[in-house]
Every structure is written in C-alpha cells, then in structure tokens.
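Visitor: Just dropping this structure here.
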Amino acid sequence: SKYAIVLTSFNADGSVNNSFNGNGYLVSKPNPLFEYNPYCLLVDKEKNNVFYVGGEAYERGHTSCPMGTGKWFISKYNSSGALDLSFNNTGYRLESATLLSQSASSPQGRLRDMAFMENGSVRAVGAFHNFDKAFFDFALKQNGTFDSTFATNGISIYPVNYNVLHIERGTWAKFLKDTSVLFYTKSWTADSSTYKMVKHKKNGMADTNY
C-alpha cells in the first residue's frame, strides 16, 4: 500500500525548489484507491513547465496480481505540483485497457513512454497484458480527450502472434528521436531466449519496412 507517484524539484544550483508543493517534493495518488507505478515523465517547457506522469496502477490490495485490476494512467500537474484540472476535469486519466481495445481480456495497460506530438498532444505507448498479444499507441489532447487526428480516433493497436510478457524486464516501448516507436518483448524456450521487436511510425502506423 505504499506505491505512489513521487516527484521532487530542484533549482538550477541544486537547491530544493520550495515553490514546488511548498516543500520541493510531492507524493501523489490521484485516486487514493489505487497504487501507482510511474514509468515516464514529460515536461512541457512551452506551457509554463506543466508536466505529465504516466504508467500503470492497481487497485489497493491487488498489486501482486494485477491482471484483473491493473489500469494505465496519465496525470497532469502544473509547475507548483498541483493536479491540472484542465486535464479530464480531474487532472488525470485512470483507465482500463478495454478503452483502447474492446477485445482486451485484461484491464491491465502497461504504459511505458510518452512524447509530444507537433500539435501539442501527448502520445503514449505501451503493451496490453501478455495474453492479449498486442502493443498500444494513443494520443490525448492537452485537455485529456483523445486526439482524433492521430491514427484511428486517437488509438492504434499493433497485434502480434506471440505473448507480450507482463514482467517489467521483458517488455518495453520507447520513443526514438523522430517519434517513431520501438516495441519489444522477450521470449524464451528451455534452451534460448530472444527479443522480438516491432516498430510504429510517427503517425501510429506499423513500419512494415522495419
């Protein structure tokens, strides 16, 4: 019951920035009924340093078995450390993977990286539960709604024909400099292990030349 979003802020000289939450640090649980595993931080330097935190969350008491209770989350904060209520009216989105794909068998969405699009929307990537054999790629406007100009209604799914491991060390998604995305997961047999990789273009479509 101690998983939370923990943020600290420092001045350029390394001293604690006490203007951030009044003491330089913040322990945040946007919905207190959930435990949080943050994986990525995105700072908008052109919007007064508002920032986004993304990752996965689990209902309290179920962190050891997240298949039926896990969700993806993105929370938005202003430069003082307060939730930015212009984002989804609450400052955060805490959602089931079924919002991204109705065929998902588990609500667990393992969000792993975020990047800004040219229009200012936030693009987020990750993987479904391993049983669902797919990666996800979606975009939210700065108010928290899906950006319909990206992919199909703001969402792109990359299905594969192998399990996408749910363990942290086995599966990841990462934006490259050109905002294309590399998804990868590890598979193994009794004798060997290999990494499998697929790639999305900056528009959310599969890069079939990769």
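Visitor: Using a probe of 1.4 angstrom, how much of the accessible area of the stretch 49-158 is carbon and sulfur, in percent?
Guide: So the carbon and sulfur contribution to the accessible surface is 47 percent.
Visitor: Counting only heavy atoms of protein chains, what accessible area per residue, in Å², does the chain have with a probe of 1.4 Å? Show your work: numbers first, answer last.
Guide: Numbers: 10790 Å² over 210 residues.
Here the residues of the chain average 51 Å² of exposed surface.
Visitor: Over the alpha-carbon set of the stretch 34-147, work out the extent along each principal axis and list the three values in angstrom, largest first.
Guide: Per principal axis, max minus min of the Cα coordinates gives 40, 29, 21 Å.
Visitor: Distance cut-off 26 Å, Cα to Cα: go down the list LYS29/LYS202; LYS133/LYS201; LYS76/LYS177; LYS47/LYS177 and report the pairs above it.
Guide: The answer is LYS29/LYS202.
Visitor: So what is the relative contact order of the chain, in percent, for Cα pairs below 8 Å that sit 6 or more residues apart?
Guide: Contact order relative to length: 12 percent.
Visitor: Right, another one. Determine the principal axes of the Cα atoms in the chain, then give the extent along each, sorted from largest to smallest and rounded to whole angstroms.
Guide: Taking max minus min along each principal axis of the Cα atoms, the chain gives 53, 39, 34 Å.
Visitor: Once you list every other residue whose beta carbon is under 13 Å from the beta carbon of THR149, what net charge do they have if Lys and Arg are +1 and Asp and Glu are -1?
Guide: Details: positive: ARG123, LYS141, LYS202; negative: GLU118, ASP147.
With Lys, Arg at +1 and Asp, Glu at -1, the net is +1.
Visitor: Calculate the all-directions average of the projected area of the stretch 91-187's alpha-carbon convex hull, and give it in nm².
Guide: 6.2
Visitor: Sum up the charges of everything whose Cβ sits under 13 Å from the Cβ of GLY91, counting Lys and Arg as +1 and Asp and Glu as -1, but leave GLY91 out.
Guide: In short, +2.
The values are calculated or read from the model by the stated rules, or taken from the named source; none is laboratory data. Everything numeric in this text was worked out from a predicted model, so none of it was measured. Heads up, the Cβs are rebuilt from the backbone with ideal geometry, glycines too, and the neighbour counts pull from every protein chain shown. The area values use the complete protein model at the heavy-atom level, side chains included, leaving out ligands, DNA and RNA. Shrake-Rupley method; radii C 1.70, N 1.55, O 1.52, S 1.80 Å.
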